[in-house]
1. Along the Cα→Cβ direction, 7 angstrom out, place labels at V64 and A30. What is the inter-label distance in nm?
2. Hey, any idea what the orientation-averaged projected area of the convex hull of the chain's Cα atoms comes to, in nm²?
3. Using DSSP to define loop residues, name the chymotrypsin sites (Phe, Trp or Tyr not before Pro) in the chain whose beta-carbon has at most 16 other beta-carbon atoms within 10 Å.
4. For the stretch 54-71, in order, what is each residue's ³J(HN,Hα) by Karplus, 6.51 cos²θ - 1.76 cosθ + 1.60 with θ = phi - 60°, in whole Hz (x at glycine and Pro)?
5. Quick one: which residues, 5+ away or cross-chain, put their amide H under 5 Å from the amide H of L66? H built at 1.01 Å from N.
6. If one computes P(r) from the Cα atoms of the stretch 12-56, what percent of pairs lie at distances over 15 Å?
7. If you take every DSSP beta bridge whose two residues both sit in the chain, what share of them, in percent to the nearest 5, is antiparallel?
8. Going from most exposed to least, what order do S74, S36, S52 have by accessible area with a 1.4 Å probe?
Amino acid sequence: MSVLDRTMLLLADAGFDANEFVRDVHATGARFLVRSSARRIPTPFRHLDDGSYLARIGYGVLPVLLTVRVIEASITVTL
């Protein structure tokens, strides 16, 4: 975390979507894009014009909830 700053974008896979990890990355000021696991079901509180939405995460885990932008996507691979 000590090397992240406001000028960076952190890309992370589904194993890195824990509330505490996301909170710590957010605290650095860096932007982040994390592929979340299917177990996380965020509750939208504001829908955006592009189809994404804002949600809060960390219920029952973090003392202060984090607001995140959720972009849902599906990828189909045909071989």
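1. 2.0 nm
2. Across all orientations, the chain yields a mean hull projection of 6.9 nm².
3. For chymotrypsin sites (Phe, Trp or Tyr not before Pro) across the chain that sit outside H, G, I, E and B with at most 16 neighbouring Cβ atoms in 10 Å, the list reads Y59.
4. Along the stretch 54-71, the couplings run 9, 9, 10, 10, x, 4, x, 10, 9, x, 10, 5, 9, 8, 10, 9, 9, 10 Hz.
5. It is I57, by chain and number.
6. Of all Cα-Cα distances in the stretch 12-56, 53 percent exceed 15 Å.
7. Roughly 65 percent of the DSSP beta bridges within the chain come out antiparallel.
8. Largest accessible area first, the residues go S74, S36, S52.
The values are calculated or read from the model by the stated rules, or taken from the named source; none is laboratory data. Quick caveat, the model's predicted, so the values are computed rather than measured. Here the Cβ is made from the backbone with ideal geometry for all residues, glycine too, and neighbour counts use every protein chain on show. SASA here: full protein model, heavy atoms, side chains in, ligands and nucleic acids out. Shrake-Rupley method; radii C 1.70, N 1.55, O 1.52, S 1.80 Å.
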